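Note sheet for the following structure.
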Amino acid sequence: MAFSIETRKEEIERLKNEKLDLLVIGGGITGAGVALQASAAKMKTGLIDMQDFGGGTSSRSTRLVHGGIRYLKTFDVQVVSDTVKERAVIQHIAPHMTQPDPMILPIYDEPGTTFTMFSVKVAMDLYDHLAGIEGDSPLIKYANYMMDKEETLKREPQLNSENLQGAGVYLDYQNNDSRLVVENVKKAHELGCLAVSRLKCIAILHNDQKQVNGVRVHDNLTGEEFEIHADIVINTSGPWSDLIRQEDKEVYKKPRLRPTKGVHLVVDQSRLTVPQPTYFGSGTADGRMIFTIPREGKTYFGTTDTDFTGDYAHPTVEQSDVDYLLNIINKKYPAAHLTINDIEASWAGVRPLIEVEVEGNEAADAATGASVSDSTSAPSAVSRGSSLTEAEDGLITLAGGKLTDYRIMANGAMKKIQQKFHDEFSKNFTLQDSAEIKVAGGDFDSDNAEAELARIAKDGVAAGLAADDAKEIANLFGSQAEQIYDYAQTIKPEKGLSIGETAALDYSLAEEMTLTPVDYLLRRTYHILFKSDTLDQVKNGVIKHMSDYYGWDKAQREQYENELEDEIAESRLEGLKSKRK
Ligand SMILES: Cc1cc2nc3c(=O)[nH]c(=O)nc-3n(C[C@H](O)[C@H](O)[C@H](O)COP(=O)(O)OP(=O)(O)OC[C@H]3O[C@@H](n4cnc5c(N)ncnc54)[C@H](O)[C@@H]3O)c2cc1C
Ligand SMILES: O=P(O)(O)OC[C@H](O)CO
């Protein structure tokens, strides 16, 4: 089912002329999850995003599906309880993106440590218990265990041995955040959702009874403005949630978010070799814990957690972020001696943390209990819970949370929406269990994901693709790889691209509403973040192929080329590096 610039035009016409049951503002993981569940319940649903789907926080995470073991320290047990169980569900519905990846948690005798050898074992036992990893659980092989100092250094020799006491090892999952978004959006679209990217909500509309009945949007591709009408509107705009609520001038009272920035840096695995994901205290008594994660032949590490008041669409990596992370990493891996010149890629994201309890008569149902902190708390002490509220004029806002509990957050919202339809619109919808709805590309046996993905990759080689291309396409697109192999039988490779890369690009343009080279190279694939070494040779082929496909004129092609060059330069920290010369 095509999901492209052509369907975008068709669906914009339908959004203009057909009244929706539900409009979702914001196509990050939260909005995508709501759109999928609403469409599965046969609600006539629209999903809009002012950027690419996943262009906000949901493509800037640590790329884990995890329960947040450190949140047990701040007694955010509800968040952990919700998310730790969700990991296996997301692995089931999105098996090509979410795979078990046990974490090492080294324990150091240092000021402000989050865990001790005793408390990490208690936390891991609770974590496993909450996830049901006990008894005859199919995941029992991943049950947690402790390692003494010697075993820890044997497993991870580059770790600093000074003050090291040992480590805990427990199950968490790796994930591809931006593809989790787009596969949810594609599934929602397959179920009937009118999903359009680069459409910005610029005003909230009301009926004569001062109830929200739609939005005014600006098409960021064409400049056109028009109205979209819906019985119910839900705001799932993440860090922008307060800005959308502010558009609702009649009822807006005050902000509820405390946005904080988190940064990740990427180096080649040869510069920092970790055997598996590792998670340790920053050693700076700021309550932070830092991940170092091997991925695609690279190692990435993060994150910072600092209050952010800049442009949510363009959080940048500053020298202070680099210094903070390199200082910690070089202390924990003393043989690495990393400098800014080793950094091949980077990204910054904005956490949509909920800080202020809802006030006045806004109905609040905590979708995953956001325990409220106050602005004097350190950013890392602020709850990672979510909140679901309805303003007096009916605007629903679902904000906060983690990527890992997106499905639960959407469940909570759907129950509220279902009740609202029944009470106020005399419409009855039957909600579906999204734990049984595979996202696009997940149509294979999740319980044998590794073997299934190897089989899909083997099919690619049989279809004439290079083995590396086939493996990458299988891991990125899952069961959709077979469509890419079909494309590969009928096309010529673009100059600078292999037949597999060309076919994958053609698939993404036709089936994933991939509208710009940055959409493709940053979010649909690994090129900018984890394949910096081959990026310069593929980017021209991608631009040329997209320019031919979309019929860009010289000015448009230049615009997208410049946008891509800026994105790559920023990811490579070229600005910061040049200042140091
Ligand atoms: C550094 C960092 C690391 C993290 N690591 C993890 C992790 O490993 N695992 C995990 O579970 N969670 C993690 N999180 C949390 C997780 O990433 C977020 O909770 C989640 O991505 C938020 O998704 P969202 O859909 O609510 O927001 P977003 O992804 O930001 O989506 C909101 C969307 O709304 C759109 N929008 C805004 N205004 C408008 C408008 N006016 N009109 C139309 N569209 C609009 C934006 O373009 C955006 O795409 C991390 C977060 C950060 C910052
Ligand atoms: O810093 P936290 O606790 O928000 O966690 C972000 C991590 O990098 C992964 O969720």
query: Within the range 424-431, is even one residue under 30 Å from residue 84 (Cβ atoms), open to solvent by less than 10 Å² (accessible area, probe 1.4 Å) and in contact (Cβ under 8 Å) with a residue 12 or more places away in the chain?
result: no
Considering residues of the range 100-112 that are out of contact with any helix residue (DSSP H, G or I) (no Cβ under 7 Å at 6 or more places or on another chain) and under 28 Å from residue 177 (Cα atoms) only, the residue least open to solvent (accessible area, probe 1.4 Å): 103
query: Of all residues in the range 271-290, how many are touching a strand residue (DSSP E or B) at 6+ places or on another chain (Cβ under 9 Å) and away from ligand 2 (no atom under 14 Å from the Cβ)?
result: 7
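Is there a residue being assigned to a helix (DSSP H, G or I), within 20 Å of residue 483 (Cα to Cα) and open to solvent by 20 Å² or more (accessible area, probe 1.4 Å) anywhere in the range 543-554?
Here is the first cut: in the range 543-554, the residues assigned to a helix (DSSP H, G or I) are 543-550, 554.
Adding the requirement that they be within 20 Å of residue 483 (Cα to Cα) leaves 545-546, 549.
With open to solvent by 20 Å² or more (accessible area, probe 1.4 Å) added as a condition, the list becomes 545, 549.
Yes, there is a match, as at least one residue in the range 543-554 is assigned to a helix (DSSP H, G or I), within 20 Å of residue 483 (Cα to Cα) and open to solvent by 20 Å² or more (accessible area, probe 1.4 Å).
Per-residue answers, yes or no, for (1) assigned by TED's automatic domain parsing to the domain that holds residue 383; (2) at pLDDT below 95; (3) open to solvent by less than 50 Å² (accessible area, probe 1.4 Å); (4) away from ligand 1 (no atom under 12 Å from the Cβ):
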residue: 294; (1), (2), (3), (4): no, no, yes, yes
residue: 303; (1), (2), (3), (4): no, no, yes, no
residue: 306; (1), (2), (3), (4): no, no, no, no
residue: 309; (1), (2), (3), (4): no, no, no, yes
residue: 314; (1), (2), (3), (4): no, no, no, no
residue: 318; (1), (2), (3), (4): no, no, no, yes
residue: 328; (1), (2), (3), (4): no, no, yes, yes
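Only one of 508, 498 is touching an Asp or Glu at 6+ places or on another chain (Cβ under 6 Å), modelled with pLDDT of 95 or more and within 27 Å of residue 300 (Cβ to Cβ); which? Steps first, answer last, please.
Numbers: 508 fails: touching an Asp or Glu at 6+ places or on another chain (Cβ under 6 Å).
Within the list 508, 498, the selection yields 498.
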- request: Kindly list the number of the only condition in (1) assigned to a helix (DSSP H, G or I); (2) away from ligand 2 (no atom under 16 Å from the Cβ); (3) open to solvent by 30 Å² or more (accessible area, probe 1.4 Å); (4) not basic (Lys, Arg) that fails for residue 508.
  value: (3)
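What number of residues within the range 236-271 satisfy the criterion of being assigned to a loop (DSSP other than H, G, I, E, B) and either in contact with a Lys or Arg (Cβ under 7 Å, 6 or more places away or on another chain) or away from ligand 1 (no atom under 16 Å from the Cβ) (or both)?
Residues of the range 236-271 that are assigned to a loop (DSSP other than H, G, I, E, B), as a first pass: 236-237, 248-256, 258-259, 269-271.
Still in the list and also either in contact with a Lys or Arg (Cβ under 7 Å, 6 or more places away or on another chain) or away from ligand 1 (no atom under 16 Å from the Cβ) (or both): 250-254, 259, 269-271.
Selection size over the range 236-271: 9.
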message: Take the conditions aliphatic (A, V, I, L, M), open to solvent by 10 Å² or more (accessible area, probe 1.4 Å) and under 23 Å from the mean Cα position of the chain (by Cα) and apply them to residue 265. Does it pass?
response: no
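Within 30 Å of residue 278 (Cα to Cα) and away from ligand 2 (no atom under 16 Å from the Cβ): which single residue out of 32, 41 fits that description?
Just a single option satisfies the conditions, and that option is 32.
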- prompt: Tally time: how many residues in the range 388-429 are more than 16 Å from ligand 2 (Cβ to nearest atom) and part of a strand (DSSP E or B)?
  reply: 6
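If I filter the range 211-220 for residues that are of a type in the set (Lys, Arg), more than 11 Å from ligand 1 (Cβ to nearest atom) and at pLDDT 95 or above, do I get at least one hit?
We begin by selecting, within the range 211-220, every residue of a type in the set (Lys, Arg); these are 216.
Within this subset, residues satisfying the condition of being more than 11 Å from ligand 1 (Cβ to nearest atom) are none.
No, every residue in the range 211-220 fails to be of a type in the set (Lys, Arg), more than 11 Å from ligand 1 (Cβ to nearest atom) and at pLDDT 95 or above.
Quick check on residue 274: is it open to solvent by less than 10 Å² (accessible area, probe 1.4 Å) and part of a loop (DSSP other than H, G, I, E, B)?
yes
State whether one or more residues within the range 454-477 are in the same structural domain as residue 211 (by TED's automatic domain parsing), part of a loop (DSSP other than H, G, I, E, B) and open to solvent by 20 Å² or more (accessible area, probe 1.4 Å). Spell out how you get there, then give the answer.
Within the range 454-477, the subset in the same structural domain as residue 211 (by TED's automatic domain parsing) is none.
Within the range 454-477, none of the residues are in the same structural domain as residue 211 (by TED's automatic domain parsing), part of a loop (DSSP other than H, G, I, E, B) and open to solvent by 20 Å² or more (accessible area, probe 1.4 Å).
Which members of the range 113-134 meet the condition of being among the hydrophobic types (A, V, I, L, M, F, W, C) and either under 27 Å from residue 446 (Cβ atoms) or open to solvent by 20 Å² or more (accessible area, probe 1.4 Å) (or both)?
Filtering the range 113-134 for residues among the hydrophobic types (A, V, I, L, M, F, W, C) gives 115, 117-118, 120, 122-124, 126, 130-131, 133.
117, 118, 122, 124, 126, 130, 131, 133, listed by residue number.
The values are calculated or read from the model by the stated rules, or taken from the named source; none is laboratory data. What you see is a predicted model, and the numbers here were worked out from it, not measured in a lab. Quick reminder, even Gly has a Cβ in these numbers, built from the backbone with ideal geometry, and neighbours come from all protein chains shown. Surface areas here come from the heavy atoms of the whole protein model, side chains and all, with no ligands, DNA or RNA. Shrake-Rupley method; radii C 1.70, N 1.55, O 1.52, S 1.80 Å.
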